1. Can you tell me which residue is surrounded by the fewest Cβ atoms within 10 Å (Cβ to Cβ) among those in the stretch 89-101 that are over 19 Å from P59 (Cβ atoms) and within 25 Å of the chain's Cα centre (by Cα)?
2. Which of (1) surrounded by fewer than 24 Cβ atoms within 10 Å (Cβ to Cβ); (2) within 20 Å of the chain's Cα centre (by Cα); (3) at pLDDT below 95 does D184 not meet, given it meets every other one?
3. Of all residues in the stretch 81-110, how many are closer than 14 Å to Y128 by Cβ, hydrophobic (A, V, I, L, M, F, W, C) and part of a helix (DSSP H, G or I)?
4. Quick one: which helices (runs of 4 or more DSSP H) sit completely within the stretch 172-270 and have at least 2 residues that are touching a residue at least 12 places away in the same chain (Cβ under 8 Å) and touching a helix residue (DSSP H, G or I) at 6+ places or on another chain (Cβ under 6 Å)?
5. Of the residues V86, V72, which is under 13 Å from the mean Cα position of the chain (by Cα) and either among the aliphatic types (A, V, I, L, M) or surrounded by 24 or more Cβ atoms within 10 Å (Cβ to Cβ) (or both)?
6. Residues in the stretch 362-369: is at least one of a type in the set (S, T, N, Q) and closer than 27 Å to N127 by Cβ?
7. Could you say whether any residue in the stretch 119-130 is assigned to a loop (DSSP other than H, G, I, E, B) and closer than 23 Å to S280 by Cβ?
8. Taking the stretch 500-520, which residues are more than 15 Å from D441 (Cβ to Cβ) and at pLDDT below 95?
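The values are calculated or read from the model by the stated rules, or taken from the named source; none is laboratory data. Remember, it's a predicted structure, so these values are computed and weren't measured experimentally. Backbone-built Cβ (ideal geometry, glycine too); neighbour counts: all protein chains shown.
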Amino acid sequence: MSLLIVGMTIGLLSGCGKAQEAAVETPVETPAETTEENDAEVSTEASEETAAEALEVTPPSEEIAIIYTNDVHCGITDNIGYSGLVAYKKELEASGKQVLLVDAGDSIQGGVIGALSSGGYPLEIMNYVGYDVATVGNHEFDYGMEQFMKLKDKAKFPYVCCNFMDLTTEKSVFDAYQMFTFGDTDVAFVGITTPVTLTSSTPKYFQNEEGEFIYGFCQDDSGQKLYDTVQSAIDDARAAGADYVIGLAHLGIESSTSPWMSTEVIAHTTGMDALIDGHSHTVMPEEDVQNKDGKTVVLTQTGTKLEDIGILTIATDGKLSSSLIDSAYETKDADTDAYIAKIMEQFDVQLSEVIGTSEVELVVEDPKTGVRIVRSAETNLGDFCADAYLAVTGADIAISNGGGIRAAVPAGEITYGDIINVHPFGNAICVIEATGQQILDALELGVMAMPEESGSFEQVAGITYEIHPDLPSSVVLDENGMFVSVDGEYRVQNVKVNGEELDLKKTYTLAGNNYSLMNGGGGLSMFKGNRVVQDSIMVDAEVLIRYIQDDLGGVIGKEYAQPYGQERIIAVE
């Protein structure tokens, strides 16, 4: 199958907090879908019932099984894999259950197959697997707004999101919810996307040519805009006849995303029965969270890369429960395996090309605990990436944001695919002029969330610094999550450039990716308007390959042996 360019449709949601009834679409049957009697029928028009009448719940006559995934990040064959997912779906259908398959975002980005097809092949595989509805994750936008809208139109399932707004029209880009009918029982899925998307994806994609935001996610400092918008969508779904309302969200539970965590959205709304979550990569079989009225809402999330798949059950007595199926489930679907293999064949030759060797493993996780640390501490892979930027550009200083370093490099032969997995976004490396003060502010923004991780945490070359996490962060952000100022003592101290104290008034040449230095990614607004010395030198993954082959003689050596890096970043306890 090939990607087609088709027209973009705009949902019927008005400004934040004022959701109108959402249009509904009929899912297209895919090769992985089975018997018609078990398939859910999507409502084609809104019910005339009042909201009060809709709250008189009609339990299903047959058990409803909602299979869910989140943060697959191109992990098509990882762990359970899509083949195992299809096999499990068929098992439930064969047992007589009414089955839906839903996704909570970040499915089409995060691996080679996504990077080389701009999300196209992961989307085609989702179509084949037979998803019924999905919400939008922050990384769905990583290939640009135009490309995601093409992919959305190619999808054989609807994307829903109540809070992604076109600020020029004050309407939502997607429908707020999708309704499915099982006999006399109606189930609605309300889509919700984290407002952190504005900075965790590329801010430029949400702005006009003047740098003004023309898209938003109902963000404000209190969270109230988001809560009101979600509540409006829930109310509309209930008014349209929903017996059950399920949040299909990409919010997460990291405190650094407050006030937009899934637990906070639940606590400030009513009428939602369960919330299937994503974004924080949390393994959460089932948590009971109290809503605004003190009623229990089921909260669940599966982790990432299909390490688990979830099942939310609506029993015939009306009760909801959720659980996870882990990678011990080994059954595979042969047809799905064959379909995926045909797609993967196209990349095998290019991806298996050996471009060098490494005497050590370069890590993103702590080798002692298995916990990801590249977004909160120095690692040898972070040093390697920043060194590559510095060597290829000749800049004074180089930074590499931890959120853009996605996978470890194994010891032994290194393939092209290994390097693409490290930098799958395809960002271009550039060099700008920046003052010492701006560089200090960028480092300070990166440690704002500590002890929690941040995608803006900077791995560095040509510069060293200390972090004092005992000091409270005094970084000030605007409502869009962009840096404004530091209103207090800096956590980042004792900054040195090639052994000399950072001069706050001096202008340095700074290398990094265009996401951070030119597009304000991660909230780095301090570099806006800075003079660009070298623009789009080459794609970040190509810079790593050039460094290995030209500067290291094809071998990553023992200088990178220490997994915790070369003491460029010191946390002072």
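1. Looking only at the stretch 89-101, we keep the residues that are over 19 Å from P59 (Cβ atoms), and these are 89-91, 93-94, 101.
This time we only want the ones that are within 25 Å of the chain's Cα centre (by Cα), so: 89, 101.
Values: K89: 24, L101: 26.
Filtering first and then ranking leaves K89.
2. (2)
3. Within the stretch 81-110, residues that are closer than 14 Å to Y128 by Cβ, hydrophobic (A, V, I, L, M, F, W, C) and part of a helix (DSSP H, G or I) number 3.
4. Details: elements: 197-200, 224-239, 262-267.
In the stretch 172-270, 197-200, 224-239 are the helices (runs of 4 or more DSSP H) which contain 2 or more residues that are touching a residue at least 12 places away in the same chain (Cβ under 8 Å) and touching a helix residue (DSSP H, G or I) at 6+ places or on another chain (Cβ under 6 Å).
5. Details: V86 fails: under 13 Å from the mean Cα position of the chain (by Cα).
That would be V72, the only listed residue that is under 13 Å from the mean Cα position of the chain (by Cα) and either among the aliphatic types (A, V, I, L, M) or surrounded by 24 or more Cβ atoms within 10 Å (Cβ to Cβ) (or both).
6. Applying the first criterion (of a type in the set (S, T, N, Q)) to the stretch 362-369 yields 369.
Imposing the further condition that a residue be closer than 27 Å to N127 by Cβ reduces the set to none.
No - not one qualifying residue is present in the stretch 362-369.
7. Taking the stretch 119-130 first, the residues assigned to a loop (DSSP other than H, G, I, E, B) are 119, 130.
Within this subset, residues satisfying the condition of being closer than 23 Å to S280 by Cβ are 119.
Scanning the stretch 119-130, I find at least one residue that is assigned to a loop (DSSP other than H, G, I, E, B) and closer than 23 Å to S280 by Cβ, so the answer is yes.
8. Keep residues of the stretch 500-520 that are more than 15 Å from D441 (Cβ to Cβ), which gives 500-501, 509, 511, 513-515, 518-519.
Result: N514, Y515, M518, N519.
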